[in-house]
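**Q** The structure is given below, and queries will be raised subsequently.
The values are calculated or read from the model by the stated rules, or taken from the named source; none is laboratory data. Since we're looking at a predicted model, the values are computed, not measured. With ideal geometry, Cβ positions are generated from the backbone for all residues, glycine too; neighbour counts draw on all protein chains shown.
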């Protein structure tokens with residue numbers, strides 16, 4: 001398969017060639033006009049005539065146009081693909097090196113250090129891409145989502161990516177969904193992507209942003225309305241005259257952070273702003289092709305006229321009255337206007353002093369973002385102001401970096417003493433070797449990132465992270481305090497004068513065009529069959545996988561409760577990032593972080609629990625290892641929205657590797673639930689949420705009646721207390737018939753391997 005540094009027009013034309021026929025099928029089957037999301041999905045159905053289309057119920061098979069993976073998650077995905085028995089990937093696939101670069105000094109030194117520290121992993125990824133026909137983006141290329149927006153996204157396309165913020169591509173009208181590596185492997189092997197037909201949430205935008213308000217404020221407000229789980233199982237579709245006033249990269253920001261409301265994805269309709277961006281990034285042919293089918297790349301007219309008839313929920317936002325917002329700490333949906341933060345911080349005892357400001361990440365690192373923030377920096381210097389806290393700036397891609405350097409924007413930040421970091425995720429995903437504040441010291445940081453769970457950015461539980469726009473980040477960094485409203489408040493400059501900050505309009509696109517910078521793309525050879533994939537048997541970072549055993553046909557009885565989590569148990573709590581990123585390709589070693597951040601519901605302690613083998617209290621990873629070594633199957637119990645946050649499948653693979661057979665929760669985040677299913681773990685939800693309280697620390701849990709497991713059926717769970725008393729409760733599941741097949745086979749990959757090679761080794765394991 002030919003692989004390119006950008007989406008070829010031929011692929012786009014193939015997608016557009018079926019739009020007429022497929023949208024007609026969709027309208028006929030549903031008996032009404034279609035939303036944009038429905039048009040894109042129907043056009044990518046494996047069987048548009050017979051697929052079930054009941055929202056939130058039906059499971060469908062989709063055919064994505066592309067798979068994209070970042071270096072942390074790609075390791076495990078590629079290790080899984082290598083066991084599938086195929087010579088090459090069956091859909092265009094790329095791997096992007098952005099997660100493993102540690103922010104310590106500056107862009108140049110950090111990139112050199114990363115290449116040296118991660119040579120083994122980068123060599124593996126480059127060789128496996130070459131062997132199986134995938135594209136490889138070297139370290140320094142930029143953050144995967146920004147590169148995808150610049151090179152691969154196109155209106156009306158469908159892609160999946162092994163990162164929860166893949167929906168960034170929705171800014172170009174693409175249905176782009178974050179998934180676990182096992183989902184990616186399905187598609188890479190030529191199988192359809194099985195997913196539940198989504199619900200639809202419409203966000204009707206009117207008016208136009210002004211003053212200090214920015215596209216980031218739209219999604220911060222939506223997060224306030226829907227909370228971290230309000231979008232679960234749904235696609236969020238933005239429409240209306242306000243949507244057409246936003247730049248393509250502004251739309252991308254909004255779609256990107258849709259992951260923080262649990263949404264399957266978010267998207268905007270194709271419009272002039274998207275066309276301008278496509279042309280500015282060298283994709284004139286795609287813009288022309290999209291123009292020819294533009295009526296298919298937006299919702300039917302009736303949808304905007306009467307949205308309540310087409311969406312499960314409609315949110316109204318007037319951009320003209322939307323004030324700058326800031327969300328946090330510790331959760332991305334705790335929102336308020338910037339003007340109200342100071343009083344709330346005082347009331348809650350949050351440190352008012354800003355210890356650091358950070359601009360960039362995949363969410364806000366576009367040319368427009370940088371120009372607007374740089375205008376504030378330039379204005380501040382001219383008015384004799386200095387930053388009151390360290391300022392860090394992360395360009396989103398090599399193309400953005402080269403362009404803003406050429407246009408003098410980096411110099412504007414550096415004049416304030418800012419540190420420019422590498423084109424990578426860095427502090428956004430915990431890759432921050434922070435030295436200015438010690439662990440345990442309460443402090444507040446402001447970022448233009450997307451996620452702010454405890455320990456997320458710097459590994460410190462005492463850091464209060466607030467998420468806002470780049471404009472507000474630099475304003476609060478200049479003020480050095482949270483109780484500052486740049487729209488109304490003044491600052492005292494170095495001469496003792498009161499001055500007010502000004503924000504420029506920003507440049508949607510560079511007047512001189514984009515500078516591509518250094519070429520960092522590596523295409524695979526025409527024939528990679530002779531290439532040896534670099535995996536050392538003695539490596540502590542890469543480990544060839546052994547298939548998980550198939551279900552033995554028996555009920556799973558008398559499982560100890562390894563974990564009962566209290567409150568938030570995100571994928572960061574289950575499998576921490578930061579220093580653990582180095583082990584993302586080694587399942588055994590990374591399992592050393594299992595549930596380290598989870599709060600024990602029985603004790604309130606973090607990361608420790610009761611070991612049934614001897615009655616001692618130990619760290620969860622150690623208990624899990626001991627159960628694994630002893631062949632003890634176990635269960636984990638979760639609260640609401642179990643597994644929210646990152647798409648990392650390690651949060652499902654680690655429990656499975658260590659012996660988890662079921663996870664029972666009040667509710668699950670979409671990606672984590674799917675990842676558990678893919679690895680052969682039963683994700684069950686309490687039919688009565690109050691049954692969460694019935695499970696004690698020393699109880700044994702049995703899952704019975706598994707021979708009769710079927711779609712829509714309830715599953716009986718028996719809880720046996722230490723005295724021998726038994727309580728039966730009912731649990732629900734969302735598994736389709738094919739997903740039940742994954743459980744029976746031991747994992748989805750076992751089924752794929754059996755179908756592609758006839759290998760049944762897992763059946764004998």
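**Q** Please give the number of the condition residue 125 fails out of (1) at pLDDT 95 or above; (2) assigned to a helix (DSSP H, G or I); (3) under 15 Å from residue 188 (Cα atoms); (4) within 21 Å of the chain's Cα centre (by Cα).
**A** For residue 125, the failing item is (3).
**Q** Follow-up question, since we're still on this one. From 562, 581, which residue is part of a strand (DSSP E or B) and surrounded by 19 or more Cβ atoms within 10 Å (Cβ to Cβ)?
**A** Answer to the selection: 562.
**Q** Just give me the residues in region 574-589 being under 20 Å from residue 164 (Cα atoms) and touching a residue at least 60 places away in the same chain (Cβ under 8 Å), in sequence order.
**A** 574, 575, 576, 577, 578, 579, 581, 582, 584, 585
**Q** Has region 662-679 got at least one residue that is closer than 21 Å to residue 80 by Cβ, free of Cβ contacts under 8 Å to residues at least 60 places away in the same chain, assigned by TED's automatic domain parsing to the domain that holds residue 740 and in contact with a strand residue (DSSP E or B) (Cβ under 7 Å, 6 or more places away or on another chain)?
**A** For region 662-679, residues closer than 21 Å to residue 80 by Cβ, free of Cβ contacts under 8 Å to residues at least 60 places away in the same chain, assigned by TED's automatic domain parsing to the domain that holds residue 740 and in contact with a strand residue (DSSP E or B) (Cβ under 7 Å, 6 or more places away or on another chain): present.
**Q** For the subset of region 663-678 comprising residues that are buried (at least 24 other Cβ atoms within 10 Å of the Cβ) and more than 17 Å from the chain's Cα centre (by Cα), which member is nearest to residue 70 (Cα to Cα)?
**A** Restricting to residues being buried (at least 24 other Cβ atoms within 10 Å of the Cβ) and more than 17 Å from the chain's Cα centre (by Cα), the top hit is 678.
**Q** Moving to a separate point now. Only residues that are modelled with pLDDT of 95 or more and surrounded by 24 or more Cβ atoms within 10 Å (Cβ to Cβ): list them for region 227-241, please.
**A** 234, 235, 236, 237, 238
Here's the yes/no breakdown for (1) outside the structural domain of residue 180 (by TED's automatic domain parsing); (2) closer than 23 Å to residue 72 by Cβ; (3) modelled with pLDDT under 95:
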| residue | (1), (2), (3) |
| --- | --- |
| 562 | yes, no, no |
| 580 | yes, yes, yes |
| 595 | yes, yes, no |
| 620 | yes, yes, no |
| 625 | yes, yes, no |
| 632 | yes, no, no |
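**Q** Listed residues 207, 190, 233; which is within 15 Å of the chain's Cα centre (by Cα) and not assigned by TED's automatic domain parsing to the domain that holds residue 447?
**A** Only one candidate passes the filter, namely 233.
**Q** From 473, 492, which residue is closer than 20 Å to residue 417 by Cα, surrounded by 21 or more Cβ atoms within 10 Å (Cβ to Cβ) and assigned by TED's automatic domain parsing to the domain that holds residue 425?
**A** Selected residue: 473, the only one of 473, 492 that is closer than 20 Å to residue 417 by Cα, surrounded by 21 or more Cβ atoms within 10 Å (Cβ to Cβ) and assigned by TED's automatic domain parsing to the domain that holds residue 425.
**Q** So residue 179 ticks every box in (1) out of contact with any helix residue (DSSP H, G or I) (no Cβ under 8 Å at 6 or more places or on another chain); (2) surrounded by 23 or more Cβ atoms within 10 Å (Cβ to Cβ); (3) modelled with pLDDT under 95 but one. Which box is left unticked?
**A** Failing condition for residue 179: (1).
**Q** Right, next: Limited to region 255-274, what total is found for residues that are more than 29 Å from residue 332 (Cα to Cα) and buried (at least 21 other Cβ atoms within 10 Å of the Cβ)?
**A** 0
**Q** For region 457-483: of the residues being outside any helix (DSSP H, G or I) and touching a helix residue (DSSP H, G or I) at 6+ places or on another chain (Cβ under 6 Å), which is farthest from residue 579 (Cα to Cα)?
**A** Checked region 457-483; the qualifying residue farthest from residue 579 (Cα to Cα) is 483.
**Q** Same structure, new question: Tell me the strands (runs of 3 or more DSSP E) entirely within region 157-243 that contain at least 3 residues that are within 30 Å of residue 6 (Cα to Cα).
**A** 158-161, 175-178, 193-196, 234-239
**Q** Restricting to region 603-632, name every residue that is assigned to a loop (DSSP other than H, G, I, E, B) and crowded, with 17+ Cβ neighbours inside 10 Å.
**A** 607, 611, 612, 632
**Q** Being touching a helix residue (DSSP H, G or I) at 6+ places or on another chain (Cβ under 7 Å), touching a residue at least 12 places away in the same chain (Cβ under 8 Å) and either in a loop (DSSP other than H, G, I, E, B) or surrounded by fewer than 18 Cβ atoms within 10 Å (Cβ to Cβ) (or both), is that true of even one residue in region 365-382?
**A** Yes.
**Q** Whether any residue in region 101-116 is assigned to a helix (DSSP H, G or I), within 19 Å of residue 185 (Cα to Cα) and over 19 Å from the mean Cα position of the chain (by Cα) is what I want to check.
**A** No, there is no match, as no residue in region 101-116 is assigned to a helix (DSSP H, G or I), within 19 Å of residue 185 (Cα to Cα) and over 19 Å from the mean Cα position of the chain (by Cα).
**Q** Now for a separate question. Would you confirm whether or not region 343-351 contains a residue that is crowded, with 23+ Cβ neighbours inside 10 Å and in contact (Cβ under 8 Å) with a residue 40 or more places away in the chain?
**A** no
Every residue, every condition in (1) in a helix (DSSP H, G or I); (2) in the same structural domain as residue 26 (by TED's automatic domain parsing), yes or no:
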site: 251; (1), (2): yes, yes
site: 259; (1), (2): yes, yes
site: 275; (1), (2): yes, yes
site: 290; (1), (2): yes, yes
site: 303; (1), (2): yes, yes
site: 314; (1), (2): no, yes
site: 343; (1), (2): yes, no
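**Q** How many residues are outside any loop (DSSP other than H, G, I, E, B), touching a strand residue (DSSP E or B) at 6+ places or on another chain (Cβ under 7 Å) and surrounded by fewer than 22 Cβ atoms within 10 Å (Cβ to Cβ) when one looks only at region 584-602?
**A** 2
**Q** Return yes or no: is residue 351 under 27 Å from the mean Cα position of the chain (by Cα), within 27 Å of residue 579 (Cβ to Cβ) and not assigned by TED's automatic domain parsing to the domain that holds residue 244?
**A** In short, no.
**Q** Would you be able to tell me the number of residues in region 389-411 that are closer than 16 Å to residue 106 by Cα and out of contact with any strand residue (DSSP E or B) (no Cβ under 8 Å at 6 or more places or on another chain)?
**A** Number of matching residues: 3.
**Q** Quick check on this structure: which one of 82, 69, 76 is touching a strand residue (DSSP E or B) at 6+ places or on another chain (Cβ under 9 Å), more than 13 Å from residue 198 (Cα to Cα), assigned by TED's automatic domain parsing to the domain that holds residue 99 and at pLDDT below 95?
**A** Sole residue among the options that is touching a strand residue (DSSP E or B) at 6+ places or on another chain (Cβ under 9 Å), more than 13 Å from residue 198 (Cα to Cα), assigned by TED's automatic domain parsing to the domain that holds residue 99 and at pLDDT below 95: 76.
**Q** So, one more: Tell me yes or no: at least one residue of region 595-615 is under 22 Å from residue 433 (Cα atoms) and either in contact with a helix residue (DSSP H, G or I) (Cβ under 6 Å, 6 or more places away or on another chain) or without any contact (Cβ under 8 Å) to a residue 60 or more places away in the chain (or both).
**A** yes
**Q** From the list 504, 517, 513, exactly one residue is surrounded by fewer than 23 Cβ atoms within 10 Å (Cβ to Cβ), in a loop (DSSP other than H, G, I, E, B) and modelled with pLDDT under 95. Which is it?
**A** Going through 504, 517, 513 in turn, the sole match is 504.
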